[in-house]
Amino acid sequence: MTASLIDHLVTCCGIESNYTDAWGKPTTIDNSTKQKLLQVMGYQVDKPELLEKQLEDSTHKTWLSPLNPVQVVRNNQSLQIVVRLPIELVTDNYLAKVTTEQGEVIAYEFSPIDGQLANVCHIQDVEFQEYIIDLPLALPLGYHSLALVIDDDELATMRLIMAPVACFKPKALLEGQKVWGLSVQLYCLKSDSNWGVGDFTDLSYLVEKAAAQGAHFIGLNPIHALYPANPDICSPYGPSSRRWLNFIYIDVTALDGYEQTSVQNIVNHLDFQQQLTAARESEQVDYKTVTELKLKALESIFEYQNKKHLSSNSKINKAFKSFVADGGDSLQTLAVYDALQEHLASQGKENWGWPVFPTEFSDYTSPKVKTFAKKHALRVKFYSWLQWQAALQFEKANDVAMNNEMHVGLYRDLAVGVSEGSAEVWGNKALYCTTASVGAPPDVLGPLGQTWGLPPMDPEVLYQQQYQPIIDLFNANMHATGALRIDHVMALLRLWWVPKGESAKAGGYVYYPVDDLLAILALESHRHQSMVIGEDLGTVPEEIRAKLADNGVYSYRVFFFEQAKDGGFYSPKHYPTQSMSTLTTHDMPTLSGFWHCHDLQLGKELGLYPTEDILQDLYASRHENKQAILDTLHGHNSISDEISCDVNYVGMSQSLNHGMQLHMAAGSSELLSLQLEDWLQMDKPVNVPGTFNEYPNWRRKLTRNLQDIFTDASLDQLAANLTEVRKKASE
């Protein structure tokens, strides 16, 4: 009985028993792994009596609910809902009363018995019947509420989501234009004025200058909120909240109040200026120093604004209060979390995340947390204000993109999850399975698999919460953007869950309601007029690529991965039109680093290769790949004949670098993304996967100031050539 129950639960919970690995080999998940995944989800698999009771309670809860929590419908589909009632009530007449998002009320009368009988269940000698009901209603796109009403009594309610068929696509792309843009790690930007980390003013400058050169988008690393009290936890892919911004990107000098004497006394102090100069001149971002300097100045500016604007009935205060109200519990959670973490740090207590907070603070909803928030209301207000200022400056950068008529504009990168000790988990623990981590099974880039330390969302809880967390996530990250890149987009279909304490190889796939999630993505995409790019690298089942394409999600094509079985590289002219192509990514070596094998040498120094034989095999493979790249570049006349056809005589040069970029520009992808690092022919990577403290990940700055980049005649010419080649590719 227990074995059959477990098999039943494995199916119901979307745990995959078999999958095809990165080498095309069918693979079976161990039964022990499936049981551990069920335990992660809260099932008592080691206690048969409790497990049976859990399953029974879950079944009863479903059948005792007349309506599902949420129903997602595309606007080209018929509208149907599921109704569950005791058998003696199925012949009565009911109203399906829909209140649209716009406030309109539409009612339809029906009798369940006239619908399609779908299922039957007996609970304590009472027969319940489930019917599928057709609702001949024309509803607008949006988030609506449906109530089941009889004799003016409301029996149940559900969310009804009407979504478009596919994601938004900009007019220029619909007309067949092919465009290029630059991808940047915002923190890497150097300028004459920033405080040792790229900021939103730098972003505005970059947008304006790149647009003038013919670029139609600027792609960003995740700019999610991190940890002000722990600034050295700096990976943009392990954030505290994906709904809010990293305040470190605020340009302090652009804020109202910066010129006040109280602020100037702080920033002009000798010690402050010395630290600021050191932070600016450092080759790596000194997160600790930059955070401390910015907080000092921001605190003084906030004090000024709070007295002048935010403590009265001013227009500015109304705007701030509106921002806070719109942010709701999510903004309050982050602000309280940041204030609390800072408070614990000041007392010398362990504070990396809520799992090590004192017990009374380990849950956002606890009375002690409410007391803390009330007692430290001004500090909580300060952290909310930081989010407001960050949002305003980001919106300004987006305005610059629109004013310069970029076809796409800014595109943001949505991380696949949040860290275990994050504010996002702290505020909604029921949603996250904190005894597991998201990761990846073994593949070519990671033979041992990967564990990322990001707790996965429980798909059943997400459904019970009417998909609100995912709606909020898409809404926040599409705001003031022209595109959203979704890191590890396969997460919409399935995620590799690794139980805590297990190796990445001992994980398994858990499925998500992909059709519902894609529909919500499409709805938010149209609301924000923001297109969607899916990072579909790694172990990708064919069904998800086809499904993503049908839903208007752009594929992500990396030149170095587009390789045939014979070792040759596919021409970019054969890439899907509905895709964004690129030469390399933040997790890979730069062009110069790849060509000169700096990444392999670095990997050796960091101890990433178990044996010398493995390293030598990688060198041999790299040599073969470089020759194949030269073959394809010469075969398509993408580089000059002055560059040898023999890899043994070819080093990375400006001619080869630019030739590779123009080779990509001639391709069929509608979007081409190029890294600023490769414009500057840099050799050091921004991130080395598989390392933590061994390499300064997420810290390396660009080698030149923005102002220098856009006065470089050779880069001006490269941009002009890219624009011309993209124009020809559009014809």
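Among the residues of region 328-351, those identified as surrounded by 13 or more Cβ atoms within 10 Å (Cβ to Cβ), among the small types (Gly, Ala, Ser) and more than 12 Å from Ala225 (Cβ to Cβ) are Ala339, Ala345.
Scan region 437-469 residue by residue and report those that are modelled with pLDDT of 95 or more, within 22 Å of Cys234 (Cα to Cα) and not β-branched (Val, Ile, Thr). I'd like the intermediate steps shown before the answer.
Applying the first criterion (modelled with pLDDT of 95 or more) to region 437-469 yields 437-438, 454-469.
So of that shortlist, the ones also within 22 Å of Cys234 (Cα to Cα) come out as 437-438, 454-456.
Passing the criteria: Ser437, Leu454, Pro455, Pro456.
So that you can scan it fast, the table gives a plain yes or no per residue for (1) aromatic (Phe, Trp, Tyr); (2) surrounded by fewer than 19 Cβ atoms within 10 Å (Cβ to Cβ):
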residue	(1), (2)
Tyr619	yes, yes
Arg622	no, yes
Gln627	no, yes
Leu633	no, no
Ile643	no, yes
Val647	no, yes
Met660	no, no
Glu677	no, no
Val686	no, no
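Inside region 81-181, counting only strands (runs of 3 or more DSSP E) that do not spill past its ends, which hold 1 or more residues that are closer than 27 Å to Met531 by Cβ and in contact with a Gly (Cβ under 9 Å, 6 or more places away or on another chain)?
Details: elements: 94-99, 105-110, 116-123, 126-134, 142-150, 153-163.
Those strands (runs of 3 or more DSSP E) span 153-163.
The residue that is farthest from Lys381 (Cα to Cα), among those in region 255-285 that are among the acidic types (Asp, Glu) and in a helix (DSSP H, G or I), is Glu281. Residues to consider are Ala210, Ala225, Ala215; find the one that is crowded, with 24+ Cβ neighbours inside 10 Å and either under 25 Å from Glu424 (Cα atoms) or among the aromatic types (Phe, Trp, Tyr) (or both). Among Ala210, Ala225, Ala215, only Ala225 is crowded, with 24+ Cβ neighbours inside 10 Å and either under 25 Å from Glu424 (Cα atoms) or among the aromatic types (Phe, Trp, Tyr) (or both).
Residue check: Gln389 meets all listed conditions (1) of a type outside the set (A, V, I, L, M, F, W, C); (2) farther than 27 Å from Gly453 by Cα; (3) surrounded by fewer than 21 Cβ atoms within 10 Å (Cβ to Cβ) but one, namely (3). Examine region 331-346 for a residue that is closer than 25 Å to Glu420 by Cβ and over 30 Å from the mean Cα position of the chain (by Cα), and state whether such a residue exists. Scanning region 331-346, I find at least one residue that is closer than 25 Å to Glu420 by Cβ and over 30 Å from the mean Cα position of the chain (by Cα), so the answer is yes.
Matching residues to (1) outside the structural domain of Glu154 (by TED's automatic domain parsing); (2) of a type outside the set (Lys, Arg); (3) surrounded by 15 or more Cβ atoms within 10 Å (Cβ to Cβ):
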{"site": "Asn68", "(1), (2), (3)": "yes, yes, yes"}
{"site": "Gln80", "(1), (2), (3)": "no, yes, no"}
{"site": "Val83", "(1), (2), (3)": "no, yes, yes"}
{"site": "Ile87", "(1), (2), (3)": "no, yes, no"}
{"site": "Tyr94", "(1), (2), (3)": "no, yes, yes"}
{"site": "Val98", "(1), (2), (3)": "no, yes, yes"}
{"site": "Glu104", "(1), (2), (3)": "no, yes, no"}
{"site": "Ile123", "(1), (2), (3)": "no, yes, no"}
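Scanning region 188-225 for residues that are part of a loop (DSSP other than H, G, I, E, B), more than 24 Å from Thr277 (Cα to Cα) and among the hydrophobic types (A, V, I, L, M, F, W, C) returns Ala215, Ile223. Assessment of region 286-294 against the conditions (outside any helix (DSSP H, G or I) and either of a type in the set (A, V, I, L, M) or modelled with pLDDT of 95 or more (or both)) yields at least one matching residue. For region 488-507, the set of residues classified as crowded, with 18+ Cβ neighbours inside 10 Å and not in a loop (DSSP other than H, G, I, E, B) consists of Val489, Met490, Ala491, Leu492, Arg494, Leu495, Trp496, Trp497, Val498, Pro499, Ala504, listed by residue number.
Name the residue that is farthest from Ser111 (Cα to Cα), counting only residues in region 43-80 that are part of a loop (DSSP other than H, G, I, E, B) and of a type in the set (D, E, K, R). It would help to see each step written out before you state the result.
Within region 43-80, the subset part of a loop (DSSP other than H, G, I, E, B) is 43-47, 64-66, 68-69, 75-79.
Then keep just the ones that are of a type in the set (D, E, K, R); that gives 46-47.
Values: Asp46: 44, Lys47: 43 Å.
Looking at the filtered set, the residue picked out is Asp46.
Within region 11-24, does at least one residue satisfy the condition of being under 24 Å from Val461 (Cα atoms) and assigned to a helix (DSSP H, G or I)? Yes, because at least one residue in region 11-24 is under 24 Å from Val461 (Cα atoms) and assigned to a helix (DSSP H, G or I).
If you scan region 30-42, which residues turn out to be in a loop (DSSP other than H, G, I, E, B) and at pLDDT below 95?
Of the residues in region 30-42, the ones in a loop (DSSP other than H, G, I, E, B) are 30, 41-42.
The one that is in a loop (DSSP other than H, G, I, E, B) and at pLDDT below 95: Asp30.
Within region 392-412, the set of residues being part of a strand (DSSP E or B) and either touching a Pro at 6+ places or on another chain (Cβ under 6 Å) or over 17 Å from Ala215 (Cβ atoms) (or both) is empty.
Taking first residues from region 702-731 that are closer than 14 Å to Asn657 by Cβ and partners that are surrounded by fewer than 20 Cβ atoms within 10 Å (Cβ to Cβ) and of a type in the set (S, T, N, Q), the Cβ contacts under 8 Å between residues at least 6 apart in sequence or on separate chains come to Ser714/Gln654; Ala719/Gln213.
Counting only residues that are outside any helix (DSSP H, G or I) and either farther than 24 Å from Gly690 by Cβ or touching a helix residue (DSSP H, G or I) at 6+ places or on another chain (Cβ under 9 Å) (or both), region 508-529 holds 6 of them.
Taken together, the residues in region 478-487 that are part of a loop (DSSP other than H, G, I, E, B) and among the hydrophobic types (A, V, I, L, M, F, W, C) amount to 1.
The values are calculated or read from the model by the stated rules, or taken from the named source; none is laboratory data. Just so you know, these numbers come straight off a predicted model, no measurement behind them. Note that we place each Cβ from the backbone using ideal geometry, even for glycine, and neighbour counts take in every protein chain shown.
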